[in-house]
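The values are calculated or read from the model by the stated rules, or taken from the named source; none is laboratory data. Bear in mind that the values here come from a model prediction, so they are computed numbers and not experimental data. Reconstructed Cβ throughout: ideal geometry from the backbone, glycine too, with neighbour counts over all protein chains shown. These area figures cover heavy atoms from the full protein model, side chains too; ligands, DNA and RNA do not enter into them. Shrake-Rupley method; radii C 1.70, N 1.55, O 1.52, S 1.80 Å.
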Amino acid sequence: MEGVFVVFEGGDGVGKSTQTALLADWAREQGREVLVTLEPGGSPIGEVLRDLVLNPSWGDVSPRAEALMYAADKAQHVYEVIRPALDRGALVISDRYVDSLLAYQGAGRDLDADRVEQIARWATGDLLPDLTVVLDLDPAQGLATIEEKDRLEDAGHDVHLRARQAFLTLASRDPEHYLVLPARLPVAELALRIRERLASLLWGPAGTVEP
C-alpha cells in the first residue's frame, strides 16, 4: 500500500486541528495506518525551532532568519517523520507544510517569493503533498478566536491578508492537488467534503463516503 500525504493549510483559527483529527479518525476506520503531525514541530528538533519562531520572548527576529528556521524545521520533519511514514505506506496528515512558509514568510513578510520557494523545496527534497486542503477565512475572524497570540499570530493584519491571498494563489495554480473550502461551513459538512476528496484519491472515482 502506497503512502499518501495530506496537508491542511490556511490562516490561524480556521479549524485545521479539528478537521485533521476528524479525517484521521475516519481513515483509521477504513483500516489505514495514520500519522498525524504538525509544523513547526513534529520532531524533537522541530519543537525547539517552534519555540524559536513562535515564542515572543525571543524578541525581534529577522524575516530571513525566521524563514530559514522554518525551512530547517521542515527539512528535519520530512527526514525524521514524514518520509519514513510514507515509505511504510502510512497516511500522513500534517497541520501545515511548505505552503505556510511560502504564504507567511514569502508573501506575509514580503521576502523574495522565488528565493523562499527554492529554499523550501530544497529543504524538503521536493516532497509534495498528494492533497492540500485550504480552509479559507478572513484573517480577522480567525484571529479573533485566539486569546493569547504567538509571535506570528501577532504579526499584524497586513501579514495575514497577504498570507491568505498566497494560499489561494497557490491553490489556483494546481487545482488537481488542492481543495479550497470556506472555513465556516458546518464542521460535519467540511469533514464530509474532505473525506470525499481523499476517498477519490485513495480509491479512484469508485470511492464513496457515507455522510
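What to note about this one:
- The dipole here belongs to the stretch 95-174: it is taken about the Cα centre, uses +1 on the Cβ of Lys and Arg and -1 on the Cβ of Asp and Glu, and is about 180 debye.
- Using the Cβ-Cβ distance between D158 and W122 with R0 = 22 Å, the FRET efficiency computed as 1/(1 + (r/R0)^6) comes to roughly 0.20.
- Kirkwood-based Rg to Rh ratio, the stretch 12-141, C-alpha trace: 0.97
- Cα pair distances exceeding 14 angstrom across the stretch 54-120, given as percent: 62
- Taking the charge dipole of the stretch 100-211 about its Cα centre, with +1 at Lys and Arg Cβ atoms and -1 at Asp and Glu Cβ atoms, the residue from T124, L152, A199 reaching farthest to the positive side is A199.
- Size of charge dipole - the stretch 1-111 - debye, nearest 20, with Cβ of Lys, Arg +1 and Asp, Glu -1, no other charges: 120
- Difference of contour (0.36 nm per residue) and Cα-Cα distance, D25 to D87: 20.2 nm
- Note on the chain: dipole from Cβ charges, positive end direction compared against Q141, Y79, G11; the farthest Cα belongs to Y79.
- Three-way shape call for the stretch 85-211 based on the alpha-carbon gyration tensor, with the a/c threshold at 1.5: oblate
- Rounded Å value of the spacing that divides the Cα centres of the stretch 121-160 and the stretch 14-54: 14
- As a fraction of the 1.4 Å probe accessible area of the chain, surface on carbon and sulfur atoms comes out at 52 percent.
- Magnitude of the charge dipole for the stretch 63-211, about its Cα centre and with charges confined to Cβ atoms of Lys, Arg (+1) and Asp, Glu (-1), is about 200 debye.
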